[in-house]
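Peer 1: If you scroll down you'll find the structure; I have some questions about it.
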Amino acid sequence: MSEQPVVAVTASESTAACVAFARIRLAAAGYAVTVFDADGPGFEQFVRAGNAAAVLDVTTGDLTAGLVSGASDRLTAASLAGVPQVISLGGLDAVGSPGAWRRTTPEECDRLGQEVALKACAARGPAAILVPRRGISSLDIEGGPHWSPEADAALFQSLRNWVYGVELIEHDAHVNDAEFAEACVEALLRLLRVTNVSQSTPDA
């Protein structure tokens, strides 16, 4: 029996529900799933080493560190490796450190949208960006501490302004809704089929 292809998935507490559903769905489709803390270095290293057949980058919130420290190499490993990748916006509502998070401003979200778009567009392999229009983390939900339709709108519009040559798929759902997780998985399975990375008979 051939070894299962591996999908690397990024996670955090703020996107846990989405990742949990996606993990089950990918396993059912015949893929091994390796989940990484989005704030740690292991994910990019794993992909850079050629261990991932595809990437489901649900949680890109660690990009906000670049707002303080400058340029980040996040979103580069999969793009350089040319593996299929689905990118979402999980956690881009929070900047700072655990216990001292603050909501990203509309201006910061505009910068983050540009960064996500341009890095995705530079990918050597197929990529898609999926947008959950009803909130991008467990904190960014109506009534939640990071709920800011204005900041989210700036992020989404920035993506629309800068993306080219890459699918930008918007869903009227929250990042942690099962329907959004399903959409992410379906998009990735489609990219895998196109590149013939999937197993011969995945349950897609």
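Peer 1: Placing +1 at every Lys and Arg Cβ and -1 at every Asp and Glu Cβ, with all other atoms neutral, what dipole size does the chain have around its Cα centre, in debye to the nearest 20? Mind showing how you got there, number by number?
Peer 2: Numbers: 14 positive and 25 negative charges, 107 e Å.
For this selection, approximately 520 debye.
Peer 1: Considering the dipole of the chain built from charges on the beta carbon (Lys and Arg +1, Asp and Glu -1) around the Cα centre, which of 29, 130, 97 is farthest to its positive end?
Peer 2: Toward the positive end, the furthest listed residue is 29.
Peer 1: Could you pull out every residue, at least 5 positions away or on a different chain, whose amide H is within less than 5 Å of the one on residue 94? Hs are placed 1.01 Å off N in the peptide plane, and Pro or chain starts have none.
Peer 2: 104
Peer 1: Shifting gears a bit: If you build a Gaussian network model of the chain, linking Cα atoms that sit under 10 Å apart, which residue out of 74, 25, 124 swings the most?
Peer 2: Evaluated over the chain, the most mobile residue of the options is 124.
Peer 1: Taking only Cα atoms and a 10 Å spring cutoff, compute GNM fluctuations for the chain and point out the largest among 60, 104, 34.
Peer 2: Answer for the Gaussian network model of the chain: 34.
Peer 1: So how far, in whole Å, is the C-alpha centre of segment 79-104 from the one of segment 1-56?
Peer 2: Each part reduced to its Cα centre gives a spacing of 15 Å.
Peer 1: In addition: Starting from one equal scatterer on each C-alpha and no solvent at all, send me the Debye-based log10 I(q)/I(0) for segment 58-130 at q = 0.17, 0.27 Å⁻¹, two decimals.
Peer 2: At q = 0.17, 0.27 Å⁻¹ the computed log10 ratios are -0.61, -1.29.
Peer 1: Give me Rg over Rh for the chain, both radii from the alpha carbons and Rh done the Kirkwood way, two decimal places. Each step should come with its number before you reach the end.
Peer 2: Working: Rg = 15.7 Å, Rh = 16.6 Å.
My calculation of the ratio gives 0.94.
Peer 1: Okay, moving on. Stretch residue 195-residue 169 to full length: gain in nm at 0.36 nm per residue minus the Cα-Cα span? Walk me through the intermediate numbers first.
Peer 2: Working: separation 26, 0.36 × 26 = 9.36 nm, distance 1.94 nm.
This chain segment gains 7.4 nm when fully extended.
Just so you know, all these numbers are worked out from the coordinates, no wet-lab data involved. As the structure is a prediction and not an experimental result, all values here were calculated from the model. Every residue, glycine as well, gets a Cβ built from its backbone with ideal geometry; the counts of neighbours run over all protein chains shown.
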